[in-house]
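The block underneath contains the structure these notes are about, expressed in C-alpha cells.
The values are calculated or read from the model by the stated rules, or taken from the named source; none is laboratory data. Note that this is a predicted model, so its numbers are computed, not measured. All Cβ positions, even for glycine, are placed from backbone atoms using ideal geometry, and neighbour counts span all protein chains on display.
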Amino acid sequence: RCLEADSKIQTQIDYLQEQIRKLRLRGGKLQRSMAKSQPTTMAALESFAKLDCHQFCDTVYRAFPREIRDIIYGFIHPGEELSVIEPPPGEEDEWGCYQLRTYFDFTSEPDWRAVTRKNVEKSDMSYLHMWDAECMGDKVFQELVEYYFRFMHFNFGAELCLIPQFQINDQWSIGKTPSDFVTNIEVSVDFRGFNVGVDNQDDERQVCRNRRGTWGHDHCDGHNYKLPQNTRRTQLLAHLQALFGFKAGTKIYIHVGGHEPSDPVLEELVYARETAIPIIFPTLQRLSKSGMVVKVVLTDAAPTFGACASDFVVDGAIPTLKAWEDEIKKVSRLAKHVKCKY
C-alpha cells in the first residue's frame with residue numbers, strides 16, 4: 001500500500017512538472033510576443049496622450065481669453081529667478097576650484113530646473129511635455145513659451161559673457177531663441193576692482209589656471225583682474241553692449257555691488273558715483289532710449305531680482321547721474337537728521 005501511495009504521488013508530481021514546463025513555454029512565447037508589440041503599444045499610447053493633451057489645450061484656448069490663459073500658464077511656469085550659472089556640488093579639483101555648470105550644459109528645461117531649484121527632484125520630468133508643441137498645440141505652445149521667457153528672471157550674475165550665447169541659442173529646441181521675447185535679465189557689476197578696475201588691491205588675488213570663473217572671478221575673460229584697468233573697463237562695456245540684443249521692453253536689472261555690509265551707505269554712494277557709475281551710465285542711458293526698462297540698484301545684499309526697500313534704486317525711463325547725486329544728498333540729509341553715520 002505504501003509503495004502504491006508513493007507511486008500515485010510521484011505520478012502527480014510528474015504531471016504537475018509537465019504542466020509547469022508547458023506554462024513556462026507559453027509564458028516565454030507571450031513575453032516575446034509582448035516585447036514585439038510593446039513599441040507599437042507605447043507609440044500608440046504616446047500618440048493618444050499627445051492627442052488628448054492637444055485637444056484639451058485647444059479647448060482651453062477657445063474657452064478662455066488670454067488674461068485667463070496667462071493665469072493658467074503661471075501655475076506651470078511661476079515667475080521666479082533662474083540662475084544661468086550654478087556652482088556644482090562636490091569637492092574642488094586639483095587646483096582648488098569648481099567647474100561651473102551653466103544653462104547651456106542641459107538639453108531640457110526640467111533638467112536645468114532641477115539643478116537651480118533645490119525643491120525639485122532631479123528625476124522629475126513632469127514638465128517635459130510642456131516643451132513639446134505636439135502635446136500643447138502650436139497656439140498654446142507659443143503662448144506658454146512666451147510666458148516663460150516673459151516672466152522668468154534670468155540671473156547672469158557677473159557672467160556677462162554668456163549673454164550673447166543665451167540670446168542666439170535655442171537651448172530647449174523650441175524653434176525660438178530668448179532674443180525673440182521680452183524678458184527679464186539681471187547682471188552684476190563689481191565696482192571694487194575686478195570688472196571695473198578701480199581698486200589695485202584686488203589685482204594680486206590668486207588665479208585658478210583651469211577654471212572658467214566669472215567677472216569678479218574668472219569666467220568671462222580668464223585672468224581679467226591681471227589686465228590693465230582700461231582693458232578691464234573696455235571688456236565690461238563690450239559685455240554690457242550685448243544687452244542691446246534683447247527685444248525692446250526687456251527689463252534689465254543692474255546690481256551694482258562690491259562693498260561690505262559694514263560700509264556706510266553714503267560713503268558707498270559717493271564711491272560708486274565717482275568710479276563705476278560714470279563708466280556704465282552712458283550704456284544704460286542708451287539701453288533706456290532703445291526701449292529697455294533699466295533699473296540700477298546699489299545694495300550690500302546678494303543680487304536678487306527686485307530690490308529691498310533699503311536698497312538705493314535708480315529707476316525710470318532714462319537713468320541719470322543727477323538721480324544718483326540726488327540720492328547722495330538725500331542720504332546725507334537723513335544722516336544729519338538722525339545724527340548717525342550712514
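Within region 237-261, restricting attention to residues that are more than 23 Å from M152 (Cβ to Cβ) and not in a helix (DSSP H, G or I), the residue that is modelled with the highest pLDDT is G258. Against the list (1) surrounded by fewer than 21 Cβ atoms within 10 Å (Cβ to Cβ); (2) modelled with pLDDT of 90 or more; (3) more than 20 Å from I254 (Cβ to Cβ), the condition V140 fails is (1).
Of the residues making up region 110-132, those that are at pLDDT 80 or above and buried (at least 17 other Cβ atoms within 10 Å of the Cβ) number 2. For I279, are the conditions met, namely being modelled with pLDDT of 85 or more, of a type in the set (A, V, I, L, M) and surrounded by fewer than 21 Cβ atoms within 10 Å (Cβ to Cβ)? So I279 does not fit the description; no.
Quick check, is F106 at pLDDT 90 or above and touching a helix residue (DSSP H, G or I) at 6+ places or on another chain (Cβ under 9 Å)? Considered against the rule, which asks whether it is at pLDDT 90 or above and touching a helix residue (DSSP H, G or I) at 6+ places or on another chain (Cβ under 9 Å), F106 comes out as no.
Here region 71-103 is the region considered, the condition is being within 20 Å of V187 (Cα to Cα) and touching an Asp or Glu at 6+ places or on another chain (Cβ under 8 Å), and the residue that is modelled with the highest pLDDT is V84.
The residues on offer are V84, V60, and the sole one that is over 16 Å from V140 (Cα atoms), of a type in the set (A, V, I, L, M) and surrounded by 10 or more Cβ atoms within 10 Å (Cβ to Cβ) is V84. Per the conditions (1) loosely packed, with under 11 Cβ neighbours inside 10 Å; (2) of a type in the set (V, I, T); (3) within 17 Å of H129 (Cβ to Cβ), the sole criterion not satisfied by I76 is (1). In region 26-39, the condition of being surrounded by 10 or more Cβ atoms within 10 Å (Cβ to Cβ), without any contact (Cβ under 8 Å) to a residue 12 or more places away in the chain and within 26 Å of G137 (Cβ to Cβ) is met by no residue. When the criteria are applied in full, T234 meets the requirement of being under 25 Å from R286 (Cβ atoms), over 22 Å from the mean Cα position of the chain (by Cα), among the hydroxyl-bearing types (S, T, Y) and modelled with pLDDT of 75 or more.
Looking only at residues in region 285-296 that are touching a residue at least 40 places away in the same chain (Cβ under 8 Å) and not in a strand (DSSP E or B), which one is farthest from T250 (Cα to Cα)? Selected residue: R286.
Across region 56-67, the number of residues qualifying as within 24 Å of E109 (Cα to Cα) and without any contact (Cβ under 8 Å) to a residue 60 or more places away in the chain comes to 1.
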